[in-house]
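Heads up: the structure comes next, in structure tokens.
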2 protein chains.
Amino acid sequence: MIKVVAKCKLKPDANVEDYLNQARELVAETRKEKGCITYGLHQDINDPTIVTMLEEWVNEEALNLHNETDHVKRIVPGLRELRESTEINIYKEVE
Amino acid sequence: MIKVVAKCKLKPDANVEDYLNQARELVAETRKEKGCITYGLHQDINDPTIVTMLEEWVNEEALNLHNETDHVKRIVPGLRELRESTEINIYKEVE
């Protein structure tokens, strides 16, 4: 299993609710993917312009397939326009 | 429930295995805490000097109590010495 933390800082003038609504659609579609274990949208409790996806995938192949799906290609470009920065890390748990 | 992502970048000369061993003890002790749901040590698959704790707590009070425990006060200062930077975010899931 791999875990992804995709932390996004929105632009100061971005409409946060608009961003969240688009991201909700991405969540709904992504959760239908076979290799997706969890995929959840999160907001920093101290800064609502920090919006982070916390994800668990069965393996890297599942994540690569996700990045090629129609819903990612359709929804993510619009999200990117509202972001100032994006920081993505892929993790394995240390036993 | 709240979630914490504590992302640490180790110093270039830090002994990563030494850091992980100390962090493992913190994990073992923290998982015994009543308000802790999950607490897991993770390493970036592309950069072993990025070590991140992914945490779930019943509420903010449980997290505050954690920060006052003997094991945090005993183990965390040693971990901090091996870190170049630390980035902590506290999240709520967006429904």
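The numbers here are math on the coordinates, done by the rules we state, and not lab data. What you see is a predicted model, and the numbers here were worked out from it, not measured in a lab. Here the Cβ is made from the backbone with ideal geometry for all residues, glycine too, and neighbour counts use every protein chain on show.
Structure data summary
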{"quantity": "Estimated 222 nm signal from helices in the protein assembly as shown, with DSSP H stretches of n ≥ 4 weighted -39500 (n - 2.57), rounded to 500", "calculated": "-11500 deg cm²/dmol"}
{"quantity": "Rule-of-thumb Rg ratio for region A:46-95 [Cα; 2.2 N^0.38 Å; N residues]", "calculated": "1.35"}
{"quantity": "Region A:39-83 versus region B:14-82: alpha-carbon centroid distance in Å", "calculated": "25 Å"}
{"quantity": "Gyration tensor (alpha-carbon) shape descriptor, region B:1-43, a/c threshold 1.5", "calculated": "oblate"}
{"quantity": "Cβ-based net charge around B:T38, under 12 Å, with every Lys or Arg adding one and every Asp or Glu removing one", "calculated": "-2"}
{"quantity": "Cβ neighbours within 10 Å from other chains - mean over B:85-94", "calculated": "5"}
{"quantity": "Other protein chain Cβ atoms within 10 Å, averaged over every residue that makes up A:41-52", "calculated": "4"}
{"quantity": "Mean projection area, nm², convex hull over Cα of the protein assembly as shown", "calculated": "10.9 nm²"}
{"quantity": "Furthest towards positive pole of dipole, A:V4, A:G78, A:A62, structure part chain A, Cβ charges", "calculated": "A:G78"}
{"quantity": "Label-point separation, B:E84 to B:N59 (7 Å along Cα→Cβ), nm", "calculated": "4.0 nm"}
{"quantity": "Net dipole in debye of chain A [+1 Lys, Arg Cβ; -1 Asp, Glu Cβ; about Cα centre; nearest 20]", "calculated": "120 debye"}
{"quantity": "Rg ratio (alpha-carbon, reference 2.2 N^0.38 Å) - chain A", "calculated": "1.06"}
